[in-house]
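Chemist: The structure follows.
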Amino acid sequence: MMKFVIVSLVFLLSACASNQHVVQNPYSKADVAAKIYEHKSEFGEHRIYGPVIEVSYGNMVIVDDLSVQLMKTENDNYYLRVHNYYQKDWKYLESITTLDKETIPLQEVDRNVSICTQMACNHTEVGFAPLSKARHLTGMKDFKVRINGRRHGSMVVVLPKAYIKAFMERAG
């Protein structure tokens, strides 16, 4: 059942990752708080989503469009949602690593090819890293993670403490 819920979230969140949920300044607690949103389903599922933080990696030819956001499920589970859109070969995202050297496997990684040309294909990978409220989401410091793939290196992203504090005040 949990696998079905997370897979469903992949499609829901891919559609919801439009500009209306992107925070321009993740270091501003007020900006983050204004972009937090909730979703309640007819099946009693209730989720709270932090706004999307977007980061681009690469050069002018090949770019990775990475986005991350926090989410909380109705079962008081917390996740970091990782969404990467890029060209060329699969990266096979697998995990995140914290500054404390803790490696957390991504769950329910969904991989899709959106379009292919003679030069390359555009790929999307979405996964969820389970987080501990006590270890990762205190808001006392920024939460910096490295996103690891089997191929083509890794990417680093920071969730500022202001983002975490605003999210936790709403999500509890």
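Computed from the coordinates by the stated procedures, all read-outs in this text should not be read as laboratory data. For clarity, every value in this text was computed on a predicted model and none was experimentally measured. No Cβ is skipped: glycine too gets one built from the backbone with ideal geometry, and neighbour counts run over all protein chains shown.
Chemist: What do you get for the angle between helix 161-171 and the principal long axis of the chain? Use alpha-carbon atoms, 0 to 90 degrees, nearest ten.
Modeler: 60 degrees
Chemist: Using only DSSP helix segments of four residues or longer, with each worth -39500 (n - 2.57), what per-residue ellipticity at 222 nm results for the chain after dividing by its residue count and rounding to 500?
Modeler: The helix contribution divided over the chain gives -6000 deg cm²/dmol.
Chemist: By how many degrees, between 0 and 90 and to the nearest 10, does the Cα long axis of helix 2-16 differ from the longest principal axis of the chain?
Modeler: Orientation of helix 2-16: about 80 degrees from the principal axis.
Chemist: Also, quick follow-up: Rounded to whole Å and sorted largest first, what semi-axes of the equivalent ellipsoid does the C-alpha gyration tensor of segment 43-99 yield via the square root of 5 times each eigenvalue? List each step's numbers first, then the result.
Modeler: Numbers: eigenvalues 153, 30, 25 Å².
They are 28, 12, 11 Å, listed largest first.
Chemist: Would you please name the trypsin sites (Lys or Arg not before Pro) within segment 36-119 that are DSSP coil residues with at most 12 other C-beta atoms within 10 Å of their C-beta? Working shown, then result.
Modeler: Working: sites: Lys40, Arg47, Lys72, Arg81, Lys88, Lys91, Lys101, Arg111; in loops: Lys88, Lys91, Lys101.
Sparse-neighbourhood loop trypsin sites (Lys or Arg not before Pro): Lys101.
Chemist: Now for a separate question. In segment 81-130, which chymotrypsin sites (Phe, Trp or Tyr not before Pro) are in a loop and have at most 16 other Cβ atoms within 10 Å, using DSSP for the loop call?
Modeler: Values: sites: Tyr85, Tyr86, Trp90, Tyr92, Phe128; in loops: Trp90, Tyr92.
Passing both the DSSP loop test and the Cβ count: Trp90, Tyr92.
Chemist: Please compute the volume of the convex hull spanned by the alpha-carbon atoms of the chain and report it per residue in Å³.
Modeler: Values: hull volume 20.7 nm³, N = 172.
That works out to 120 Å³ per residue.
Chemist: Sticking with this one: Please work out how many pairs of lysine residues in segment 8-164 are eight or more positions apart (or on different chains) and have Cα atoms closer than 19 angstrom.
Modeler: So the count of such lysine pairs works out to 19.
Chemist: Report the calculated FRET efficiency for Thr117 and Glu169 (r = Cβ-Cβ distance, R0 = 41 Å), to the nearest 0.05.
Modeler: Values: r = 45 Å, r/R0 = 1.10.
Given R0 = 41 Å and the Cβ-Cβ separation, E is 0.35.
Chemist: For the chain, what does the relative contact order come out to in percent, with C-alpha contacts under 8 Å and a separation of six or more? Before the final figure, lay out each step's value.
Modeler: Numbers: 343 pairs, mean separation 35.0, N = 172.
Relative contact order here is 20 percent.
Chemist: So how do Phe143, Phe43 line up by other beta-carbon neighbours within 10 Å, fewest first?
Modeler: On the way: Phe143 24, Phe43 8.
The order, fewest Cβ neighbours first, is Phe43, Phe143.
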